[in-house]
Structures are given as structure tokens and as C-alpha cells.
1. Inspect all residues belonging to region 29-51 and state whether any of them is among the charged types (D, E, K, R), in a loop (DSSP other than H, G, I, E, B) and farther than 30 Å from Gly141 by Cβ.
2. Take the conditions farther than 16 Å from Asp8 by Cβ and surrounded by fewer than 19 Cβ atoms within 10 Å (Cβ to Cβ) and apply them to Glu132. Does it pass?
3. I want to confirm something. Restricting to region 41-96 and keeping residues that are surrounded by 18 or more Cβ atoms within 10 Å (Cβ to Cβ) and of a type in the set (S, T, N, Q), which single residue is farthest from the chain's Cα centre (by Cα)?
4. Taking region 97-123 as the search range and keeping residues that are hydrophobic (A, V, I, L, M, F, W, C) and either within 11 Å of the chain's Cα centre (by Cα) or part of a loop (DSSP other than H, G, I, E, B) (or both), which one is modelled with the lowest pLDDT?
5. Looking at (1) part of a helix (DSSP H, G or I); (2) within 15 Å of Ile6 (Cα to Cα), which is the only condition Leu64 fails?
Amino acid sequence: MGMHYIIDALGGRAAIAAEPASTGEWVSRIQSGMPAASALAFKDALKLTNAELAAVLGVSARTLARWNPAKSRLDPVSGDRLVRSARLFAIAAEVLEDGDAGARWLKAPQRALGGAVPLRLAETDVGVRAVEALLGRMEHGVYT
């Protein structure tokens, strides 16, 4: 899977500094606080509203408004949700062979998910698994 899509969606080297090289490094990065700049880069990559980004992260729009992009860090729960959503974006971008198409797909109701919006499902682990399974089937040409 294209990890570069994840890093790009999280603001690239400017926000992430060194790319985590392993699962352990990702966990450590999330636990120590993903930079707010990464969340804002993800918002731009997917063309999300503040309300949509707040929902993805599980924070209030007011919390989002108080962030200092240069200094603020996400708590581990929000950081986990951010990385999880960025991973789904990376998979969607790869399956659809286009970042913009991947972003549009994540934000649109999908019949194969019972009309649910993949990015909303990504707010839970169970939902993420359903979206990943659908993307896996799409990759192999099975759209139901």
C-alpha cells in the first residue's frame, strides 16, 4: 500500500518530520501526539470542512478552532482516528488510482456499505474494517 499517500495526506515531511519506519514508531508517534498541522493537512487533502474534520477526529469544532497549527498536538485517541482515516484515504487513492477520486469516494454514500459514507464509518474500528474490506473487493473487481 502506498505509504507515501498517508505521509502526504498528513502534511508530508513538513508536518511529520521523519516518516515512521515501523508500526511501533507509528504507535509511539500517535501516543506522543500527532501534530495539529497533520490534521489540517488531511483536511486540505480531502477538502473537508472544519465540521467534517472535527467528526473524523472526534473533537468539537471549538477545539479545532483553538488549535495553533505550529504547536498543538492531538491526544492519542484523535491521533489514532487521524492516522486510521489517512490510511483509508491511502488505500482508496491507490484502488481508484487517484488521490482526488479517493477523497471523493470516502466522502460519498456507498451503496455497497448500505448507503453509509466511508469517512463516517472510519470513526469506529468496526467501520474501518468494513470500508477496508470493500476497498479490497473493489481492487479485485468485485463491487458488492
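1. Scanning region 29-51, I find no residue that is among the charged types (D, E, K, R), in a loop (DSSP other than H, G, I, E, B) and farther than 30 Å from Gly141 by Cβ, so the answer is no.
2. yes
3. Here the answer is Ser78.
4. Ala122
5. If we test Leu64 against (1) part of a helix (DSSP H, G or I); (2) within 15 Å of Ile6 (Cα to Cα), just (2) comes out false.
The values are calculated or read from the model by the stated rules, or taken from the named source; none is laboratory data. All values derive from a computational prediction rather than experimental measurement. Backbone-built Cβ (ideal geometry, glycine too); neighbour counts: all protein chains shown.
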